[in-house]
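Asks: First the structure, then my questions, so here it is.
The values are calculated or read from the model by the stated rules, or taken from the named source; none is laboratory data. All values derive from a computational prediction rather than experimental measurement. Heads up, the Cβs are rebuilt from the backbone with ideal geometry, glycines too, and the neighbour counts pull from every protein chain shown. To get the accessible areas, we keep the full protein, side chains included, count just its heavy atoms, and leave off ligands, DNA and RNA. Shrake-Rupley method; radii C 1.70, N 1.55, O 1.52, S 1.80 Å.
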Amino acid sequence: MRPEITRNVLAAAGIALVACVWFTLLPAGQAVAQTYSCGDPSSGHCYGVASWQEKPQYFGAYADIQQAPMSCPSGCGGFVDDEIWLTDSQTADCLSNGFGQCWVEAGYFFTDGSGGKQFFWADSRPRTSSTFNLHILGGADPDGVTDHFMLLKDGRGAAGIFQVWVYNDSQSTLYNGTSTSNTMSGDRVIIGQELAGTKNASAGTANFTRNIWAVQSLGPEYVFWYNRQIDQGSVTSANPPFASWTIDPANPPPPEGGQFTTHCCQ
């Protein structure tokens, strides 16, 4: 789940392409294999994301991420996910940790041949050993109501602590993870979809709303003090995954921070 984000210069070209359309006739019931080149589980991934790198420091990030149907059947070669990241690509110890950056992330994914979607969180720390750690929180709920994802630097005690929460409205489902020995300084927030592998993954439409970021660390008052995103940031859509803004964050809420949408892989 490494956030290897690159700027999508193709979309910036603003060129509308009109071409002949070829239709392939297939017998009824015959499936068409969906193929793509998105590396393997550990590298070379494709992204449909929005990212912001406009503030000196982001202390945390939050999004409501709609649960979408997903699949990555046996042989897909990787995974597909919807998630949120808080990253550091400037601190010296992060640049030298083997990944070239630090991050904390949370979301849900479907991995090669697994039985269903799972909630997860992971971190990449400013260390040269035990750098990347993936934590499976549990199976995604069938009714899809667990849709709140929060990452937040914890300022209540020792340095280098980030808290991760995944929960539903009533908090009857509440997952918590803690990233330790992580002295990163968040300089970028990313939301969207990550795709790894070569074929046959799928993900229905997922909406990302209430896109907000923390203006200070978690304190003893136990409050997520925030501002909403007010612009579209930098959008990458590798096609697949497909991603775009369907409600501009510049619009007055609701929803706070606009609505960003992903799907895969057709």
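Asks: Looking at region 149-161 only, could you name the residues that are open to solvent by less than 20 Å² (accessible area, probe 1.4 Å) and within 17 Å of the chain's Cα centre (by Cα)?
Replies: Phe149, Leu151, Leu152
Asks: For residues in region 230-266 being within 20 Å of Gln57 (Cβ to Cβ) and either among the acidic types (Asp, Glu) or under 16 Å from the mean Cα position of the chain (by Cα) (or both), which is surrounded by the most Cβ atoms within 10 Å (Cβ to Cβ)?
Replies: Among those that are within 20 Å of Gln57 (Cβ to Cβ) and either among the acidic types (Asp, Glu) or under 16 Å from the mean Cα position of the chain (by Cα) (or both), it is Gly257.
Asks: Consider only pairs whose beta carbons are under 6 Å apart and that are at least six residues apart or on different chains; among these, list those whose first residue lies in region 199-219 and is within 28 Å of Met184 (Cβ to Cβ) and whose second residue is β-branched (Val, Ile, Thr) and surrounded by 17 or more Cβ atoms within 10 Å (Cβ to Cβ).
Replies: Ala206/Thr262; Phe208/Ile65; Phe208/Ile191; Trp213/Val189
Asks: Related question: Name the single residue that is farthest from Trp165 (Cα to Cα) among those in region 205-244 being in a loop (DSSP other than H, G, I, E, B) and of a type in the set (A, V, I, L, M, F, W, C).
Replies: Ranking the qualifying residues of region 205-244, first place goes to Ala238.
Asks: Quickly run through region 164-198 and pick out the residues that are within 22 Å of Gly257 (Cα to Cα) and part of a strand (DSSP E or B).
Replies: Answer for region 164-198, where residues must be within 22 Å of Gly257 (Cα to Cα) and part of a strand (DSSP E or B): Val164, Trp165, Val166, Tyr167, Arg188, Val189, Ile190, Ile191, Gly192, Gln193, Glu194.
Asks: Take region 110-148 and flag every residue that is open to solvent by 30 Å² or more (accessible area, probe 1.4 Å), polar (S, T, N, Q) and not in a loop (DSSP other than H, G, I, E, B).
Replies: Those that are open to solvent by 30 Å² or more (accessible area, probe 1.4 Å), polar (S, T, N, Q) and not in a loop (DSSP other than H, G, I, E, B): Thr111, Gln118, Asn133.
Asks: Go through (1) within 18 Å of His148 (Cα to Cα); (2) assigned to a strand (DSSP E or B) one by one and return the number of the condition Pro254 breaks.
Replies: Looking at each condition in turn, Pro254 falls short on (2).
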